Amino acid sequence: MKDTQNEPDDRQIAIDRVGVKALRFPMQLRDRAHEVQHTVATAALTVDLPHQFKGTHMSRFVEVLNDFGPELHVEKIEALLLALTQRLHSRCAHFDVEFPFFLAKAAPVTGAVGLMDYTGRFAATLEHGRTDFVVTVVVPVTTLCPCSKAISVHGAHNQRGQVTFSIRSHPPLWLEEMIRLVEDSASSELYSLLKRPDEKAVTERAYENPVFVEDLVRNVATRAEADARITYYRVEAENFESIHNHNAYALVERDRREEMAR
């Protein structure tokens with residue numbers, strides 16, 4: 001049968017990444033409390049394509065993923081990347097995945113327990129025999145405006161914010177550790193279940209701990225700097241403003257590998 005993908009291409013343009021996206025697949029994660037958490041990931045698998053080839057073989061990406069069984073374990077990602085380079089005859093391979101991650105959280109006063117969901121992401125690349133692995137958590141938080149508190153006779157405006165925290169680390173951090181680092185940097189963490197005494201406590205906690213979006217990213221960065229395991233971090237914060245028709249945004253990014261090597 002004719003293989004069109006293997007035909008030559010004369011445009012002399014290599015492709016950096018080609019493959020499949022939006023592929024959903026069962027996945028196992030490392031969970032600090034229960035050892036393993038089962039989730040459903042949305043994945044992208046890509047490789048480079050030299051300029052002389054017309055196309056790649058899309059079916060092979062799914063074949064490689066299925067070779068790792070009915071449920072992919074996070075510890076098999078490096079082996080998956082190696083298998084992609086071998087199966088697709090490529091120089092480098094990438095595996096980008098996003099998934100929901102759940103934690104059982106007790107309300108601060110009543111202790112009522114509810115499941116809180118977060119978004120996790122892994123971005124893994126194998127190139128020249130070396131693997132790069134970036135872990136990301138997306139954490140919802142509450143922030144209360146310091147300026148509003150300073151100028152208002154009654155109360156202060158607050159809003160729900162979202163922090164996207166990405167790291168390279170050695171040894172790896174638990175997702176729970178990353179989430180806790182972010183939540184400790186905000187005016188207050190969020191909960192899925194709050195009774196009235198809990199709601200009062202969360203509201204008062206936020207009022208006593210006002211932070212701008214700038215404070216939020218700096219707080220996360222300060223905690224990241226204090227953790228010797230973190231060699232690189234990128235922290236973004238976006239506040240979904242409650243009294244403006246726009247959002248507030250801030251970002252801090254730092255690669256500490258050269259500094260830590262000295």
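The values are calculated or read from the model by the stated rules, or taken from the named source; none is laboratory data. Just so we're clear, the structure is a prediction, and the values are computed from it rather than from any experiment. No Cβ is skipped: glycine too gets one built from the backbone with ideal geometry, and neighbour counts run over all protein chains shown.
Here are a few things to note about the model shown:
- Filtering region 103-124 to residues that are surrounded by fewer than 16 Cβ atoms within 10 Å (Cβ to Cβ) and over 13 Å from Ile179 (Cβ atoms) leaves Ala106, Val109, Thr110, Gly111, Val113, Gly114, Leu115.
- Checked against (1) touching a residue at least 24 places away in the same chain (Cβ under 8 Å); (2) surrounded by fewer than 18 Cβ atoms within 10 Å (Cβ to Cβ), Ile151 passes all but a single condition, namely (1).
- Screening Val36, Val64, Val47, Val20 for residues that are of a type in the set (A, V, I, L, M), more than 30 Å from Glu199 (Cα to Cα) and exposed (fewer than 14 other Cβ atoms within 10 Å of the Cβ) leaves exactly one candidate, Val36.
- For the residues Tyr191, Tyr233, Tyr249, the requirement of being in contact with an Asp or Glu (Cβ under 6 Å, 6 or more places away or on another chain) and of a type in the set (Phe, Trp, Tyr) singles out Tyr249.
Table: residues versus (1) more than 14 Å from Ala43 (Cβ to Cβ); (2) in contact with a His (Cβ under 9 Å, 6 or more places away or on another chain).
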site: Leu81; (1), (2): no, yes
site: Arg87; (1), (2): yes, yes
site: Cys92; (1), (2): yes, yes
site: Pro100; (1), (2): no, no
site: Leu103; (1), (2): yes, no
site: Gly111; (1), (2): yes, no
site: Gly114; (1), (2): yes, no
site: Arg121; (1), (2): no, no
site: Val137; (1), (2): yes, no
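- Residue check, Ser185 surrounded by 20 or more Cβ atoms within 10 Å (Cβ to Cβ), at pLDDT 95 or above, under 23 Å from Phe122 (Cα atoms) and among the hydroxyl-bearing types (Ser, Thr, Tyr): yes
- Qualifying residue in region 31-49 (condition: touching a residue at least 12 places away in the same chain (Cβ under 8 Å), within 29 Å of Leu115 (Cβ to Cβ) and in contact with a helix residue (DSSP H, G or I) (Cβ under 6 Å, 6 or more places away or on another chain)): yes
- Just one of (1) under 25 Å from the mean Cα position of the chain (by Cα); (2) surrounded by fewer than 18 Cβ atoms within 10 Å (Cβ to Cβ); (3) in a loop (DSSP other than H, G, I, E, B) fails for Met260. It is (3).
- Applying the criterion of at least 3 residues that are within 24 Å of the chain's Cα centre (by Cα) and modelled with pLDDT under 95 to the strands (runs of 3 or more DSSP E) found wholly in region 1-116 leaves 15-31, 35-49.
Let's see how each residue does on (1) within 15 Å of Leu144 (Cβ to Cβ); (2) at pLDDT 95 or above; (3) buried (at least 21 other Cβ atoms within 10 Å of the Cβ):
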site	(1), (2), (3)
Ile179	no, yes, yes
Leu194	no, yes, no
Pro197	no, yes, no
Arg205	yes, yes, no
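- Residue check for Val135: in a helix (DSSP H, G or I), surrounded by fewer than 21 Cβ atoms within 10 Å (Cβ to Cβ) and touching a residue at least 40 places away in the same chain (Cβ under 8 Å): no
- When Phe165, Phe122, Phe102, Phe133 are screened for being closer than 24 Å to Thr39 by Cα, touching a helix residue (DSSP H, G or I) at 6+ places or on another chain (Cβ under 6 Å), among the aromatic types (Phe, Trp, Tyr) and not assigned by TED's automatic domain parsing to the domain that holds Arg17, only Phe165 passes.
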